[in-house]
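The values are calculated or read from the model by the stated rules, or taken from the named source; none is laboratory data. These figures come from a predicted structure and were not determined experimentally. Here the Cβ positions follow ideal geometry from the backbone for every residue, glycine too, while neighbour counts run over all protein chains shown.
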Amino acid sequence: MKSVRIICVDDEPRVLEGLSLHLRRKYDVVTAESGADGLQAIKDKGPFAVVLSDMRMPRMDGTVFLKAVREMAPDTVRMLLTGQADLQSTIDAVNKGQIFRFLTKPCPSQQLMGAFEAATEQYRLVMAERVLLEQTLHGSIKALTDILALSNPVAFGSATRIKQYAGDLARHLGIGDWWQIEVAAMLSQLGSITLPEGTAKKYYYGQELDNDEIKMIQKLPRITQDLIGNIPRLETVCEILTNQFRDCDKSSGADDVIYKSQVLKVAFDFDQLVNTGSTEQDAIDRMHGKKSCYDCKILEAFAYLRGVTNERETIREIRLWSINLGMVLVDDVTLDSGVVLATRGYEVNEGFIECIHNLKHRISSDKVRVVMPQHG
């Protein structure tokens, strides 16, 4: 079975027939007779390793088409085929579509096959690097958040809630690479592993801190930066965290980084206000009173989302031993000693259920309020 899928786009059927004749011996070939059809094929039949497009096509030429492909399927390697000796159009295509190879008509079969072999190898390398990086990132982030969960459950609970708030908001706003915001949210509390347990509780529940504790809190952003600064491909995440505590009109950096940091700031500030006793409505009202601190559109979108979420949530009080996967805690779960096992907003997993059964005689209350998982 042919595993490498490619697509050729040209408004001349005979050209497509010739390309298919040479390429189908080695590749799974899809053809399209217009740029619009090509984009639809990429949407319906992708992913494709390589796309080859003619330059001169009616309604949508190769430059416009390949630029659209780059936005729709950035990993697909793009090549251009033309019989026109038009230098400027070629330059435009290369710049706007980030072309891997440029071929001219008529293209000898040996040259054509060589170009596709190089393009598919490039695609393989890109995908292999992506898998490696994703595994490295996921492993590093999981290790760090596991340490946070063990050393400071209160901070971990806060990070989990902020991730949920910020992730939902980022997807609602249609932000690309929203995973960067979720990762920033999960790592935002990492510096808290340096806090004594008593200080951590006072900080997250809004209790009064002494001067030494205030100094500890002020160091947390720098500690977090130092802990994650050497992890590859987290540069943008670090920039988001750097801007997280800055007001909207005092942020610096690329526009997309500032926008993402504002999403995280809204989620973080909201969680802090609710965690210190405000209702959700009061928290949002107080944030509206400091509009210079936030991007107004982001704050309005978040207020809308919280309203929708509240209407759909089904909250029930259950026996702790009846808790199931996917439920979300409305209340903290603590031991008789006051140690926090999990905070509100925590989504129940198998490890937590096992922990509950192992420590059931030491838990302060056998009842808990939970948000029931939504089905369908």
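Any residue at all in the range 197-210 that is at negative phi and under 20 Å from the mean Cα position of the chain (by Cα)? Looking through the range 197-210, none of the residues is at negative phi and under 20 Å from the mean Cα position of the chain (by Cα).
Taking each residue of the range 274-290 that is polar (S, T, N, Q) and buried (at least 17 other Cβ atoms within 10 Å of the Cβ) and looking for partners that are at pLDDT below 85 and not in a helix (DSSP H, G or I) with beta-carbon atoms closer than 8 Å, six or more apart or interchain, yields N275/Y205; N275/G206.
If you go through the range 34-64 and keep only what is within 27 Å of the chain's Cα centre (by Cα) and assigned to a helix (DSSP H, G or I), you end up with L39, Q40, A41, I42, K43, D44, K45.
Restricting attention to the range 167-185, the residues that are within 10 Å of the chain's Cα centre (by Cα) and closer than 17 Å to K297 by Cβ add up to 6. Inclusion of Q225 among residues that are within 17 Å of the chain's Cα centre (by Cα), at pLDDT 80 or above and polar (S, T, N, Q) is not warranted. Restricting attention to the range 321-336, does a residue exist that is touching a residue at least 40 places away in the same chain (Cβ under 8 Å), of a type in the set (G, A, S), farther than 26 Å from K202 by Cα and not in a helix (DSSP H, G or I)? Yes, the conditions are met somewhere in the range 321-336. Here V126 meets each of (1) touching a residue at least 40 places away in the same chain (Cβ under 8 Å); (2) not in a helix (DSSP H, G or I); (3) not charged (D, E, K, R) with one exception, condition (2).
To keep it simple, each residue is scored yes or no on (1) over 16 Å from D269 (Cα atoms); (2) touching a strand residue (DSSP E or B) at 6+ places or on another chain (Cβ under 7 Å).
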residue	(1), (2)
A149	yes, no
N152	yes, no
G157	no, yes
R171	yes, no
G174	yes, no
A184	no, no
Q189	no, no
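The set of residues from the range 170-227 being of a type in the set (F, W, Y) and in a helix (DSSP H, G or I) comprises W179, Y203, Y204.
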